Amino acid sequence: MALVRERRHQQGLRLSLPPLPAADFLQQSHYTALFSAIGPTSPDIESLSDLERLSVIGHGNGGTVYKVRNRKSSSVYALKVLRFDQNTAIRHQAACEAEILKRVDSQFVVKCFAVFDTIGGELCFVMEHMERGSLYDELRVRANLPEDVISGIARSVLRGLQYLHGMQIVHGDIKPSNLLINGKGEVKIADFGVSKIVVGTRNAYDTFMGTCAYMSPERVDPERWNGGNADGFVGDIWSLGVVVLECCVGRYPLIGFGEKPDWAALMCAICSGERPQMPETVSPYFRSFVRRCLEKDWRNRGTVDELLHHPFVNGTFELR
């Protein structure tokens, strides 16, 4: 159930501070609060100094994610810190991510409680802590997953996409590392670093933003697949289909085992190759669901609403 959020407007202190190393940035209290989501069940995080750094969760894409604790409430969060090194394009995209996070509030999307823009140049996102890491981490441990668990993952992602698409938001980078798992085994969509808000009925998505391996044919080769008329939502469906099949076979499924996933191989597999092979042991429901997601022509691909009524995702399962 969506929560009603109240926004607290704060005036940041404009002091000139030297850049701080990653280990020390939580000690500074001078920042500009871009927004802070304060509601009945939301924490009142007024300053980065309210947060105690516990450990590093991960690195990547010019940033670091920390596990932090609110000194006042002892609640635990994930703090994503992005650094830009004078790269205005990346900073602009991060600002777009912050704008999207201000708008979303769904149980199927990792919650953002606050965003701070530090004087040192970092953009800091205070996020819901997902204790079990990502689906990518899970697959590294378990190799592949049973169909009932994959069904639950697909249903949660579809519910998240239904919400986002209803808000006219294209995620643009659905993949295992952007699907996070909490302590209850619930899967939620994360990382809106390449997402965009669609304006109008047709607004072609930027082709080369996102992870190539999970891009749809109309994004990889828009001329051949009429990508200029696609709205981007259908690309999220393709990406989900790749993720679902990967959960089943335990590896990236669109190229052969041991084949190098370079650009040429990916382009051939995504745009020109035959339908990906599926294990003979999968159910007809699984096979049908994946095929609806991986229709190369986006005009024939399954929609979120259609796929939510597909027999493969009619049950309710959690990652056990």
* Looking only at segment 154-170, which residues are under 13 Å from the mean Cα position of the chain (by Cα) and closer than 10 Å to F233 by Cβ? -> L161, L164, I169, V170
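For every residue, the table says whether it meets (1) out of contact with any Phe, Trp or Tyr (no Cβ under 6 Å at 6 or more places or on another chain); (2) within 24 Å of Y252 (Cα to Cα).
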| residue | (1), (2) |
| --- | --- |
| G63 | yes, no |
| R71 | yes, no |
| V81 | yes, no |
| Q107 | yes, no |
| Y136 | yes, yes |
| L145 | yes, yes |
| D148 | no, yes |
| L161 | yes, yes |
* **Selected residue (only one of E306, E274 is closer than 23 Å to G160 by Cβ and exposed (fewer than 15 other Cβ atoms within 10 Å of the Cβ))** => E306
* To do: Could you tell me whether R251 is basic (K, R) and either under 22 Å from the mean Cα position of the chain (by Cα) or outside the structural domain of I237 (by TED's automatic domain parsing) (or both)?
  => yes
* Structure fact -> Scanning segment 234-257 for residues that are surrounded by 24 or more Cβ atoms within 10 Å (Cβ to Cβ) and either of a type in the set (G, A, S) or free of Cβ contacts under 8 Å to residues at least 24 places away in the same chain (or both) gives G235, S239, G241
* **E295 out of contact with any strand residue (DSSP E or B) (no Cβ under 8 Å at 6 or more places or on another chain) and not in a helix (DSSP H, G or I)** => yes
* Which is in the same structural domain as V220 (by TED's automatic domain parsing) and either farther than 28 Å from P279 by Cβ or buried (at least 21 other Cβ atoms within 10 Å of the Cβ) (or both), of L158, L139? -> L158
* Asked: Quick one: would you say S288 is polar (S, T, N, Q), modelled with pLDDT under 95 and either in contact with an Asp or Glu (Cβ under 6 Å, 6 or more places away or on another chain) or in the same structural domain as Y163 (by TED's automatic domain parsing) (or both)?
  -> no
* **Selected residue (only one of V109, V170, V141 is hydrophobic (A, V, I, L, M, F, W, C), at pLDDT below 95 and in contact with a strand residue (DSSP E or B) (Cβ under 6 Å, 6 or more places away or on another chain))** => V170
* Structure fact -> Here the qualifying pairs (Cβ atoms under 6 Å; residues six or more apart or on different chains; first in segment 176-193 and assigned to a helix (DSSP H, G or I); second of a type in the set (D, E) and modelled with pLDDT under 95) come out as N178/D191
* Asked: Which residues, taken from segment 149-164, are within 13 Å of N314 (Cβ to Cβ) and either outside any helix (DSSP H, G or I) or hydrophobic (A, V, I, L, M, F, W, C) (or both)?
  -> A154, L158
* To do: Kindly state which strands (runs of 3 or more DSSP E) lie completely within segment 44-142 and contain at least 1 residues that are over 30 Å from E246 (Cβ atoms) and of a type in the set (V, I, T).
  => 63-70, 112-118, 123-128
* Taking segment 143-189 on its own, how many of its residues are among the aliphatic types (A, V, I, L, M), touching a Ser or Thr at 6+ places or on another chain (Cβ under 6 Å) and closer than 16 Å to L245 by Cα? -> 1
* To do: Give the residue that is surrounded by the most Cβ atoms within 10 Å (Cβ to Cβ), with candidates limited to residues of segment 68-85 that are among the hydroxyl-bearing types (S, T, Y) and closer than 16 Å to N182 by Cα.
  => Y77
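The values are calculated or read from the model by the stated rules, or taken from the named source; none is laboratory data. Since this is a predicted model, take the numbers as computed values, not measurements. Note: ideal-geometry Cβ built from the backbone for every residue, glycine included; neighbour counts use all protein chains shown.
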